[in-house]
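S.K.: Pasting a structure here, questions to come.
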Amino acid sequence: MMISTLNVPVRIIGLCLTGAGGFAGLGIFPGWNITANSQSVAASAVASGLTVFFGASSGFVLSNVFINSDAPRFAIGHSVNIGIMALGITSCVVTRVSMGRRNRKMHESRFDGEKAFQFEY
């Protein structure tokens, strides 16, 4: 919506939809990534640092791709934003599938009556 039209109300709706989707994950992802999927305190510290690093670096990148000479459509900035959102969605799906596969392998490899693992994603 943001690239295809110059109609201000449509662009505001697109901006609100994009912002609502992005801000909805801000509290969920760090909590899910850091607390639920870290086996140790060290892994939790690394996950926390990487989450903050990628959040800060994405703000730096996105603030510099909306070039004034590209106004009013800002095709480059919106295209980069769409690409980063698609990458985020894809990485969440890949992470979920790989964790499910890893849990399934752990369940299949454990012996009857014996707990072979203590941690499950």
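S.K.: Scan region 63-78 for residues that are small (G, A, S) and either open to solvent by 80 Å² or more (accessible area, probe 1.4 Å) or more than 13 Å from T18 (Cβ to Cβ) (or both) and jot them down.
M.R.: Selection gives S63, S69, A71, A75.
S.K.: If a residue must be β-branched (V, I, T), modelled with pLDDT under 80 and open to solvent by 80 Å² or more (accessible area, probe 1.4 Å), how many such residues does region 1-14 contain?
M.R.: Of the residues in that region, 0 qualify.
S.K.: Please list, ordered by first then second residue, the pairs with beta carbon atoms under 9 Å, 6 or more apart or interchain, first in region 84-106 and among the acidic types (D, E), second modelled with pLDDT of 85 or more and not in a helix (DSSP H, G or I).
M.R.: Within 9 Å, no pair qualifies.
S.K.: Inspect region 49-65 for any residue being at pLDDT 85 or above and not in a helix (DSSP H, G or I) and give the result as yes or no.
M.R.: Taking every residue of region 49-65 in turn, at least one turns out to be at pLDDT 85 or above and not in a helix (DSSP H, G or I).
S.K.: May I pose another question? Can you name the residue in region 34-55 that is loosely packed, with under 14 Cβ neighbours inside 10 Å and within 13 Å of the chain's Cα centre (by Cα) and is also farthest from I12 (Cα to Cα) among such residues?
M.R.: My answer is L50.
S.K.: Another question about this same structure. Contact list please: Cβ distance under 8 Å, first residue in region 44-70 and free of Cβ contacts under 8 Å to residues at least 12 places away in the same chain, second residue open to solvent by 80 Å² or more (accessible area, probe 1.4 Å) and part of a helix (DSSP H, G or I), pairs at least six apart or on different chains.
M.R.: Taking only residues 6 or more apart or on different chains, the pairs are S44/T35; F66/I76; I67/I76; D70/I76.
S.K.: Here is a further query. Can you find even one residue in region 15-26 that is exposed (fewer than 13 other Cβ atoms within 10 Å of the Cβ), modelled with pLDDT under 80 and of a type in the set (F, W, Y)?
M.R.: Yes; the residues of region 15-26 include at least one that is exposed (fewer than 13 other Cβ atoms within 10 Å of the Cβ), modelled with pLDDT under 80 and of a type in the set (F, W, Y).
The values are calculated or read from the model by the stated rules, or taken from the named source; none is laboratory data. Keep in mind it's a predicted model, so treat the numbers as computed, not measured. Here Cβ is always computed from backbone atoms with ideal geometry, including for glycine, and neighbour counts include all displayed protein chains. To get the accessible areas, we keep the full protein, side chains included, count just its heavy atoms, and leave off ligands, DNA and RNA. Shrake-Rupley method; radii C 1.70, N 1.55, O 1.52, S 1.80 Å.
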